[in-house]
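Trainee: Dropping the structure in here first, questions after.
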Amino acid sequence: MLQSTTIDVEKIREDFPILQRRLKGGHKLIYLDNAATTQKPRAVIDSISNYYMNYNSNIHRAVHQLAEEATFAYEEVRRRVAKLINAKSADEIIFTRNATESINLVAKCWARQHLTKMNRVLITEIEHHSNIVPWQLVTGEVGASLDYLNIGEEGRIDIEDFSQKVNDPDLKLVSISQMSNVLGTILPVKKMTKLAHEKNVPMMIDAAQSVPHMKVDVQDLNCDFMAFSAHKMLGPTGVGILYAKREILEEMPPFIGGGDMIKEVHKQTTSFNDLPYKFEAGTPNIADVIGFGAAIDYLNKLGFENIREHEMQITEYALERMNELQGITIYGPKVTKERGAVISFNLGDIHPHDLATILNDFGIAMRSGHHCAQVLMERLEVSATSRVSFYVYNSKDEVNILIDALQSARRLFGL
Amino acid sequence: MKVEDNIVKDIKFEGRGCAISQASASMLTEMVMNKSLTSIKELDKDDILENIGLLNLGPARIKCALLSLKVLKMSMVEYYASKDPESAQEIREGSRLY
Ligand SMILES: Cc1ncc(COP(=O)(O)O)c(C=O)c1O
């Protein structure tokens, strides 16, 4: 029997205006595409409109009251982000547009400085395109090479294989995701960071799928860089976070040039601003950063342990029910402790796009395709999968409707 | 695709994908069989959608329905590239289907 969850889903659902809407055919929205982006609670939407209605102004420069209030609100979120991931200082938190931009910033500013023809960057076969392409670009530019750590069944890495691969004097950086957006596999990033550091290799963690769903502590992991996105954790689109250790950020050259990232500008030379502003040129996404602050508050109130517990329960229930379906192939770990709330699957030979279209008629929003992980698709020898992913507002009732819809798809396709 | 005297004499496709993409590809091969390249140039998205009877596909699935037409038009662009660059350019423009 499943234990009762520590999260009151019905109460949470009331906080999300979009979950009240009806779709074509009068269906309730069953939103199971949370790995792509999550819905936003009223508190987040309100904090954004409150900013525009009451204290909209540019930050960091003007001395008037509005600027003071806006600057305070924006910088207060930076402190909350630092606390969320237990960074030593808010100076180590850089606001970007999304996780993708954060990874590109490291590739362009750090890797380009540190890589030569002789060097390598190591990633895994499980990565999202945003943790592949920036490394292809930068290694291509300097003539370095990009290596992959193979993954086994269920998306796991072989830690022995990893310690051999990091034992390479030419290796300059490891970048891996903490949780797979396709298989849900949670990788042992702490152990991997320790092994990499023993060989003086810095570690970057793509935490786009982990920070929203579990307690993540950068000092405990001891990683050198971390990237994630606000929109995957109840926050607005257009805000990403880059965390990096202070000593690394200090010696990195700036990303793009302009206002706010400078100390003094003369005709031919510029001295750059202190951290974190050195990496935030131009007017930032003030409103959405403030909205992200409200999302962090909301999640903290629920508690990350409760969130993880709830997700494990619903994932376990969904796996159990889905396994009853004949002809289903489920990818990724069987044990819920080792996975996040993401389930990729195929049902017989129904193409995922067709399945998603049928499920759409039940009001179910599900993702189909390669999930920006074509290297992984090649490894799994499939061209596409269907994917459901859960968050704090999903219920077991919704899983039951999913199962009914999948049953009806099976009948429709004569499986 | 086999072309003789500007006429499609044979056409086959190989593909893996969803029901809409496979059905529309199969139908497209029937539509263009024994037709002149000049008339194929004129084919547009509504011809395909009408023929498969799916007139209100959303922006995501319309790509499935039009994939094969896009492939056909791009292969014609290649075919004309050296012998008739002007036609190639015209087809390329016309292949922006959505
Ligand atoms: C594992 C992983 N990394 C990175 C990203 C990129 O996030 P964004 O598109 O917000 O930059 C995603 C988003 O799908 C992801 O799942």
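Trainee: Check the straight Cα-Cα distances from B:K12 and name the aspartates and glutamates below 16 Å, setting aside those fewer than 8 residues away within the same chain.
Mentor: B:E4, B:E30
Trainee: I'd like to compare A:263-271, A:97-105, B:26-34, B:1-9: which one has the highest average count of other Cβ atoms within 10 Å, and what's the full order after that? Each step should come with its number before you reach the end.
Mentor: Values: A:263-271: 8.9, A:97-105: 23.3, B:26-34: 15.7, B:1-9: 12.4.
Ranking the peptides A:263-271, A:97-105, B:26-34, B:1-9 by packing returns A:97-105, B:26-34, B:1-9, A:263-271.
Trainee: Between region A:30-69 and region A:250-267, what is the C-alpha centre distance in whole Å?
Mentor: Region A:30-69 and region A:250-267 have Cα centres spaced 26 Å from each other.
Trainee: Using only atoms on other chains, find how many Cβ atoms lie within 10 Å of each Cβ of peptide A:350-357 and report the average. Walk me through the intermediate numbers first.
Mentor: Working: counts 2, 8, 1, 9, 8, 1, 3, 8.
Counting Cβ atoms of other protein chains within 10 Å of each residue's Cβ and averaging gives 5.
Trainee: Pick out, in residue order, every one of the GluC sites (Glu not before Pro) in region A:329-415 that is DSSP loop and has at most 12 other C-beta atoms within 10 Å; say none if there are none. Present the calculation step by step, with values, prior to reporting the outcome.
Mentor: Details: sites: A:E338, A:E378, A:E381, A:E398; in loops: A:E381.
Taking region A:329-415 and a limit of 12 other Cβ atoms within 10 Å, the loop GluC sites (Glu not before Pro) found are A:E381.
Trainee: Turning to a different aspect of this structure: Need one word for chain A: rounded, prolate or oblate. Basis is the Cα gyration tensor (sqrt eigenvalues a ≥ b ≥ c); a/c below 1.5 gives rounded, then a/b vs b/c decides. Walk me through the numbers before you get to the answer.
Mentor: On the way: a/c = 2.06, a/b = 1.26, b/c = 1.63.
Because a/c hits 1.5 or more and a/b fails to exceed b/c, chain A counts as oblate.
Trainee: With N set to the residue count of chain B, report its C-alpha Rg divided by 2.2 N^0.38 Å to two decimal places.
Mentor: On the way: Rg = 13.1 Å, N = 98, 2.2 N^0.38 = 12.6 Å.
Cα-based Rg divided by the globular estimate yields 1.05.
Trainee: Pairing the Cα long axis of helix A:133-142 with the longest principal axis of chain A, what angle in degrees results, from 0 to 90 and rounded to the nearest 10?
Mentor: So the inclination is approximately 40 degrees.
Trainee: Using 20 Å as the Cα-Cα cut-off, could you pick out the over-long pairs in B:K2/B:K83; A:K301/A:K334; A:K24/B:K70; B:K9/B:K45? Numbers along the way, then the final one.
Mentor: Values: B:K2/B:K83 17 Å; A:K301/A:K334 30 Å; A:K24/B:K70 30 Å; B:K9/B:K45 23 Å.
Pairs exceeding 20 Å: A:K301/A:K334; A:K24/B:K70; B:K9/B:K45.
Trainee: Using only alpha-carbon positions, what ratio does the radius of gyration of region A:175-242 give when scaled by 2.2 N^0.38 Å? Write out the running numbers ahead of the final one.
Mentor: Numbers: Rg = 12.1 Å, N = 68, 2.2 N^0.38 = 10.9 Å.
For region A:175-242, the normalised Cα radius of gyration comes out at 1.11.
Trainee: Here is a follow-up. In debye to the nearest 20, how big a dipole does chain A give about its Cα centre with +1 on each Lys and Arg Cβ and -1 on each Asp and Glu Cβ? Let's see the in-between values first.
Mentor: Details: 45 positive and 53 negative charges, 85 e Å.
So the magnitude is around 400 debye.
Trainee: So who's got an amide H within less than 5 Å of the one on A:T185, skipping anything under 5 residues away but keeping other chains? H placed 1.01 Å off N, in plane.
Mentor: Hits under the 5 Å cutoff: A:S180, A:G340.
Trainee: Set Lys and Arg Cβ to +1 and Asp and Glu Cβ to -1, take the dipole of region A:46-300 about its Cα centre, and tell me which of A:M179, A:L275, A:H231 lies farthest positive.
Mentor: A:L275
Trainee: Follow-up. Hey, got a sec? Which trypsin sites (Lys or Arg not before Pro) in region A:156-250 land in a DSSP loop and have at most 15 other Cβ atoms within 10 Å?
Mentor: A:K199, A:K215
Trainee: Let me ask something else about it. About its Cα centre, how strong a charge dipole does region A:268-415 have in debye, to the nearest 20, once Lys and Arg get +1 and Asp and Glu get -1 at the Cβ? Provide the component values of the computation, followed by the final result.
Mentor: Values: 13 positive and 19 negative charges, 39 e Å.
That gives region A:268-415 a dipole magnitude of about 180 debye.
Trainee: With a/c under 1.5 counting as rounded, go ahead and sort region A:118-251 into rounded, prolate or oblate using the C-alpha gyration tensor (a ≥ b ≥ c being the square roots of the eigenvalues; past the cut-off, prolate if a/b is larger than b/c, else oblate).
Mentor: Numbers: a/c = 1.42, a/b = 1.26, b/c = 1.13.
Cα axes put region A:118-251 in the rounded bin.
Trainee: Right, next: Would you list which aspartates and glutamates come within 15 Å of A:K165, measuring only between C-alpha atoms, while excluding same-chain residues fewer than 8 positions from it?
Mentor: Of all the aspartates and glutamates, those that pass the test against A:K165 - Cα under 15 Å, at least 8 places apart if same chain - are A:E125, A:D147, A:E198.
Laboratory data are not the source of any read-out in this text; all were calculated from the coordinates shown. Computed from a prediction, not measured in an experiment: that's the story for all the values here. Virtual Cβ from ideal backbone geometry, glycine too; neighbours counted across all protein chains shown.
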